[in-house]
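Have a look at the structure below before the remarks.
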Amino acid sequence: MKEIISKDNPTLKEWAKLKQKKYVEQTGEVLLEGINLVNDAEARGVEFTAVCVNFNIDEDFKCPVYKLSEQAFNMLSGTQNSQGIIAVAKLPQHEFKMPKGNFLVLDNISDPGNLGTIIRTAVACDFTEIYCINCVDYRNEKVLRATMGAVFDCSIMQISREQAEQLKSYKLLCADMQGTDIFKFKKPNKPFGIVMGNESRGISPEIEQLCSEKISLPMSNKIESLNVSVACGILMYMLK
């Protein structure tokens, strides 16, 4: 096991850059923090460049393992109560491809926690192809933590609006308060997509016009809207 003590170590500085989106895009590498996330990634064959720990470890990884001082480890950590393990992992973007089953189209989802929760629920509901248009990067460290490993069991594609137009050959269901009550809606018998929009602005007009039908969740007691990840989860479970 190699050691990195100084915060000025050049390798450590390069890894710390992965907390910035532009370096993730340049390298295709991310920081995976926490024992469960690291183990899930390893079990699914994700390639590690290195594993960094701040304690002695006996586990045998197929990559160099570095023991970091507390100061050095804190340069990489994104949590206040870290479990003391971070993997530098290869997590390249998926290329655009047409869906094979039910799928999601996410338009301008900006909150990392919402995106991570949607990804986790989507995998549970077997909506394992997820198309993101101008969303927060799914490789963001907060998104990755919120997925709790589900990110490794699906294809997440960051696509353009022009690519999104190709998806209109499928039935696209747009979540909208003026849509058909989900309890009265007839479930499609072929693969379809659920389209969810931005937390405050909803679905953009350009994406909305691609949709075949609008669906809604009935609400009581003057509640006007639900959190996007909650609404998306209910719709997926209702329609799967």
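Can you give me the number of residues within segment 184-227 that are part of a strand (DSSP E or B), under 24 Å from the mean Cα position of the chain (by Cα) and among the acidic types (D, E)?
Going through segment 184-227 one residue at a time, the tally reaches 0.
Please return the ranges of helices (runs of 4 or more DSSP H) entirely within segment 105-166 where 3 or more residues are surrounded by 23 or more Cβ atoms within 10 Å (Cβ to Cβ).
112-124, 141-147
Whether any residue in segment 20-36 is in contact with a Phe, Trp or Tyr (Cβ under 7 Å, 6 or more places away or on another chain), part of a helix (DSSP H, G or I) and among the charged types (D, E, K, R) is what I want to check.
No, that holds for no residue.
In segment 169-183, what residues are loosely packed, with under 15 Cβ neighbours inside 10 Å and part of a loop (DSSP other than H, G, I, E, B)?
F183
What is the number of the single condition among (1) in contact (Cβ under 8 Å) with a residue 60 or more places away in the chain; (2) under 30 Å from K190 (Cα atoms); (3) in contact with a Leu (Cβ under 8 Å, 6 or more places away or on another chain) that N108 does not meet?
Failed condition: (3).
Any residue that is in contact (Cβ under 8 Å) with a residue 60 or more places away in the chain, assigned to a strand (DSSP E or B) and of a type outside the set (F, W, Y) - is there at least one of those in segment 51-66?
yes
Please enumerate the residues belonging to segment 166-182 that are among the acidic types (D, E) and more than 15 Å from G202 (Cα to Cα).
Filtering segment 166-182 down to residues among the acidic types (D, E) leaves 176, 181.
Result: D181, single match.
Does V51 satisfy the criteria of being modelled with pLDDT of 95 or more and either in the same structural domain as G193 (by TED's automatic domain parsing) or of a type in the set (S, T, Y) (or both)?
no
Of the residues A164, A150, A231, A122, which single one is small (G, A, S), in contact with a strand residue (DSSP E or B) (Cβ under 8 Å, 6 or more places away or on another chain), under 20 Å from E95 (Cα atoms) and free of Cβ contacts under 8 Å to residues at least 60 places away in the same chain?
A164
The values are calculated or read from the model by the stated rules, or taken from the named source; none is laboratory data. Just so we're clear, the structure is a prediction, and the values are computed from it rather than from any experiment. As a convention, Cβ positions derive from the backbone with ideal geometry for all residues, glycine included, and neighbour counts pool all protein chains shown.
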